[in-house]
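What follows is a single structure, written as structure tokens, with notes after it.
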């Protein structure tokens, strides 16, 4: 086969240009540290790297979301610890006040202390983060959740809470709505609430009572009436007699799966009620306790009954706070576990990206040396052959 001089030169120059291009690419890999300066270098590998980087970015965002949620939850936990301590102090004062030896002045002094605790509790409930967002306002974090008007506290926040995604398939609540934490505390003992009649003249008082058989409880308003200091009967809201019996101070009066204990010396005609419990707030509970201790018209028995109810509702509030804190702890643990898993995932993703895009310096140096030798050989070969001519052999 005959090869013309022009064809030889064209092919030789093309080969040397390809070798020069490959050499330049290898030099670029060594200087930049990457084998994928652009998509054209290796489209398939670049597509894989882009997908891995998207997964890596998403994982990092989930961790960032979790860190933000964790910070908010820790602040909420701190606020609830303050609220718990405050409510416990209120309980201690209520127990102190529930003593027949206390004078009106003593109770008034305790009421003043309770007013201070009420403000401390309100401050904890209106706690904020470093950006001024309210912890217990639900989704309306810019709105002060609790407002006090005329001694009554109302909730102004949102009942919904922000959900934060901490992984592809898991979200957590970044907080708790204040109405569920502070406002929806079970009243009385959670099933029913007891009260002494306003017109009672005896010294009988009634405790908060308890449920002995939930299946037998029929929600209704029951009245315990004393037909004499030693006899009572229980009627329902329709006036039907449910039970009756002889009264002994400190003995439980039982009916329909519940029981309540009346103590002291009720007078004939005195009445006590047992009614289904609704919901109360920790603020209204303390406010009611303050009103009771400041009263100059309630009898000692009525004060004892109301203080007993308040103590029970404070206990309900403390239980509610404990439940919320346990929930917060569970969410913090979930965030931590997901973050630990994400760290492992990110390491694996980064390794995969590195394997696809990072320069293998040992291999690249060897390749560069080989390419340099190949280019030099091609150049020398071209230079040597290019000198050949028939005229060199004509004498």
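Things to note:
- Inter-label distance, residue 351 to residue 131: 3.6 nm, where each label sits 7 Å from its Cα along the C-beta direction.
- Here the ratio of the Cα radius of gyration of region 199-277 to 2.2 N^0.38 Å is 1.01.
- Separation of alpha-carbon centers, region 73-101 and region 283-333, rounded to whole Å: 9 Å
- FRET efficiency estimate (nearest 0.05) - Cβ-Cβ, residue 228 to residue 323, R0 51 angstrom: 0.70
- Diffusion coefficient of region 152-197 by Stokes-Einstein, Kirkwood radius over Cα pairs, 4 °C, 1.567 mPa s: 95 µm²/s.
- Spin-label model, residue 106 to residue 171: label points 7 Å out along the Cα-to-beta-carbon direction sit 5.5 nm apart.
- Between residue 215 and residue 246, residue separation times 0.36 nm minus the direct Cα-Cα distance comes to 8.6 nm.
Any read-out appearing in this document is the output of simple, stated calculations on the displayed coordinates, not a laboratory observation. A quick note: this is a predicted structure, and the numbers were derived from the prediction, not measured. Please note: Cβ atoms are built from the backbone with ideal geometry, for glycine as well, and neighbour counts cover all protein chains shown.
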